[in-house]
Amino acid sequence: MSHSEHSASFAKRFGLTLLAGIPGILALVGYIYLTTPATAVPAGLSLPLLAVSSGLNSLLILVVACLLGTYAAPRVGLQSYLTDRTGRGDEVWRRLRPEVGLAVGLGALGGILVLLLDVALAPFVAQDLPRSAIGASEPTLANVLAYAPVRFLYGGITEELLLRYGLMSVLAFVGWYVTGRRSEGPGSGVMWVAIVISSVLFGIGHLPALAQSVGLTPALIARTVLLNAVAGVLLGWLYWHRSLEAAMVAHAAFHVPLVVLSLVQVALL
């Protein structure tokens, strides 16, 4: 492949992943605009400007993640059907279809496991977190429905591009490089380190949003990082052994039990 062809291929793969992540950012912008109370808007900002600036920040991070993933992922054997496709959408689905059952099952199981862990850890954080933070910030039907697109689009697609395609791919590449590139790709040790680190950072990434509603304590930080890291390990394993798209499907399925819980909370109040 010539240099120009390789550059064009890189640009195309980068563009495809970037476009895939934009609907999630738009969902996040819409949620912020629809649900942020006027009293929570920082001085000097309007609500529309707050929503748009949040979206632009997320877009900038997504651009960086997609650039890094487009470079690193194919070099360490991590697969994405979207970027490997022949140009037809039905080809992506044909390759993904055998993985959907496993992805949905692991994702839903992960969501249930996190709910059970949340209940088990509740006594340790009850004084800091009177109510589970898994559901919507306010238990109303409008907020649950407004947040659902964020869960499925931003969580299911955009976060996978950020954490798996971008971060985990780069960690695997760096680990492979540091260990001397003794084989065609990183070994299981390198991959597990990449999965665990990206999963812990996935959990840490949820702390700023939580800090906006409650005061963070060591117990609450540990609980939040653990719950999200459990999901990150499952998703990272799927990305490693199946594909990025399988991890996306699983991440979306992971949120199904959480949305159901939120709807139950609304019905009981």
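Taking the chain as a Gaussian network of alpha-carbon nodes connected by springs under 10 Å, the highest mean-square fluctuation of the residues Pro23, Pro186, Pro37 belongs to Pro37. Compared with the alpha-carbon gap, the fully stretched path from Ala40 to Phe10 is longer by 6.7 nm at 0.36 nm per residue. Sorting the segments 219-228, 153-162, 242-251 by their mean number of nearby beta carbons within 10 angstrom, highest to lowest, gives 242-251, 153-162, 219-228. Think of it as helices only: each DSSP H run of n ≥ 4 in the chain is worth -39500 (n - 2.57), and spread over all residues that comes to -24000 deg cm²/dmol at 222 nm. Computed from label points 7 Å out along Cα-Cβ, the spacing between Leu47 and Val260 is 3.3 nm. The simple Förster model, with R0 at 22 Å and r as the Cβ-Cβ distance, assigns Leu109 and Leu216 a FRET efficiency of 0.15. Residues considered: Leu82, Leu47, Leu201. Largest GNM mean-square fluctuation over the chain, using C-alpha springs under 10 Å, is found at Leu47.
Its relative contact order, with pairs defined as Cα atoms under 8 Å and 6+ residues apart, puts segment 3-268 at 32 percent. A crude spin-label estimate for the pair Trp93 and Ala120, with each label 7 Å from Cα along the Cβ direction, gives 3.9 nm.
Measuring r between the beta carbons of Val100 and Leu67 and using R0 = 25 Å, the FRET efficiency lands at 0.30. Projecting the alpha carbon convex hull of segment 3-268 along each direction and taking the average yields 16.1 nm².
Read-outs: derived from the displayed coordinates by stated rules, not from any lab. No experiment lies behind these values; they were computed from the predicted model shown. Neighbour counts run over all protein chains shown; Cβ positions are idealised from the backbone, glycine included.
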